[in-house]
Amino acid sequence: MPANYQAELVGVFGQPVAENPTGVMQEAGFAAAGLNWRYLNFEVSAEKLGAAMQAMEALGMRGINLTIPHKVAVIEHLDDLSPEARAIGAVNTVRLDNGRKIGENTDGKGFLRGVRADAGMDPDGKRVVLLGAGGAARAIGTELVLAGASDLLVVNRSAKRGETMVSDLLAATGGRVRFKQWEGTYPVPETCDLFVNATSIGLYPDVDAMPAVDLSGAPDGMLVADVVFNPPETRLLAAARKRGLPTLDGLSMLVYQGVIAFEMWTGQSPDEAAMKSALRAALAEG
Ligand code: NDP
């Protein structure tokens with residue numbers, strides 16, 4: 001068989017991207033699958049996004065991730081959106097379908113896969129309290145309602161942002177979704193099965209910050225999940241563990257959103273353990 005030195009290329013467009021560890025995990029997955037693929041971080045300014053999307057096509061790239069500030073702006077450069085990305089209103093992954101650029105959002109799907117695989121919980125029929133109304137919260141909230149969560153209470157500091165998210169979710173999914181403004185310390189109710197921090201509180205370097213919530217009234221067995229992955233053990237998760245509650249860290253979501261992008265790009269199932277350990281090692285070094 002003749003040698004083939006041509007690698008396939010995927011990557012991420014964002015600004016900044018230097019500290020984005022996704023490539024380490026994807027390349028571990030490619031290596032484990034014996035695929036000659038590369039994942040590169042491209043620093044792309046807002047003004048250059050259109051040119052970068054054309055370059056993606058010109059270079060024959062197999063797909064791309066989008067991060068801040070491109071998750072919404074990229075939509076005008078795409079041929080179509082998945083129903084979930086349309087409902088969320090943001091795209092973090094582009095895949096190709098017969099040359100057409102399709103916008104997907106794997107953040108909420110990654111979160112859900114982690115809830116099922118790592119925490120052993122089926123979101124169907126569950127009552128959820130979701131802290132936050134930013135990009136991560138919109139992705140998670142949309143997928144939870146689509147997966148059958150029976151009640152979603154969005155708790156956010158900014159009423160405008162929270163109310164907009166809830167009305168968008170109601171229009172897109174028709175599920176039971178409510179909003180409560182977050183003022184002072186939020187008492188987690190005993191009618192909650194899954195509590196999610198989807199804010200950036202606790203993210204490095206503010207590792208001592210903790211969402212102002214009171215877990216004392218939470219029911220035994222309530223799952224506490226955090227989207228913050230750096231550090232994986234946030235103060236919220238430490239407090240939940242101390243209270244005897246099961247927890248799910250942000251690394252789980254990060255790994256599975258990457259696993260799902262891998263599947264979309266290559267059509268193969270990756271070695272999830274290889275991806276997870278590469279990511280853990282990279283974050284421990286960083
Ligand atoms: P956004 O900027 O879109 O949203 C931030 C949210 O956090 C808003 O709801 C904001 O409230 C809230 N918030 C921030 N600071 C405070 C504070 N001091 N008090 C109360 N509320 C606060 O960010 P994203 O949604 O994109 O990202 C949120 C987090 O999710 C980040 O830490 C990010 O790293 C993480 N993430 C993790 C992923 C993973 O795979 N694990 C994937 C994607 C994101 P308000 O509206 O009032 O400003």
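Read-outs: derived from the displayed coordinates by stated rules, not from any lab. Bear in mind the structure is a predicted one, so any value in this text is a computation, not a measurement. When we count neighbours, we look across all protein chains shown, and the Cβ atoms used for this are built from the backbone with ideal geometry, even at glycine.
Listing for the model above:
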item	result
Bridge type composition, the chain - antiparallel percent by DSSP, nearest 5	20 percent
Mean shadow area of the chain over all directions, Cα convex hull, nm²	15.5 nm²
Phi-based couplings in Hz for the range 124-136 (Karplus 6.51, -1.76, 1.60; Gly and Pro marked x)	4, x, 8, 9, 10, 10, 10, 7, x, 9, x, x, 5
Under Karplus coefficients 6.51, -1.76 and 1.60, residue-wise ³J(HN,Hα) of the range 47-62 in Hz, glycine/proline x	5, 9, 4, x, 5, 5, 5, 5, 5, 4, 5, 4, 7, x, 5, 8
For the range 1-80 versus the range 109-167, the gap between their alpha-carbon centres in whole angstrom	27 Å
Among the listed pairs LYS101/LYS126; LYS71/LYS109; LYS48/LYS71; LYS180/LYS242; LYS71/LYS180, those beyond 23 Å (Cα-Cα)	LYS101/LYS126; LYS180/LYS242; LYS71/LYS180
Cut-off under 5 Å, modelled amide H: who pairs with LEU81 long-range	GLY103
Interchain or long-range residues, amide H under 5 Å from GLU8's placed H	TRP37, ARG38
Helix-only CD estimate at 222 nm, as mean residue ellipticity for the chain, using -39500 (n - 2.57) per DSSP H run (n ≥ 4)	-11500 deg cm²/dmol
Inter-label distance, nm, simple model (7 Å from Cα along the C-beta direction), ASN98/GLN15	3.6 nm
Extension reserve of the ALA119-ALA238 stretch, reckoned as 0.36 nm per residue once the Cα distance is removed	41.2 nm
Directionally averaged shadow of the range 122-245, computed from the convex hull of its alpha-carbon atoms, nm²	6.9 nm²
Length gained when the stretch TYR5-ILE75 is fully extended (0.36 nm per residue, less Cα-Cα span)	21.9 nm
Order of THR199, THR164 - criterion: other Cβ atoms within 10 Å of each residue's Cβ, fewest first	THR164, THR199
Using θ = phi - 60° and Karplus 6.51 cos²θ - 1.76 cosθ + 1.60, couplings along the range 219-227 (whole Hz; Gly, Pro as x)	x, 4, x, 5, 7, 10, 10, 10, 7
Footprinting exposure proxy for GLU84, GLU285 (fewest neighbouring C-beta atoms within 10 Å first)	GLU285, GLU84
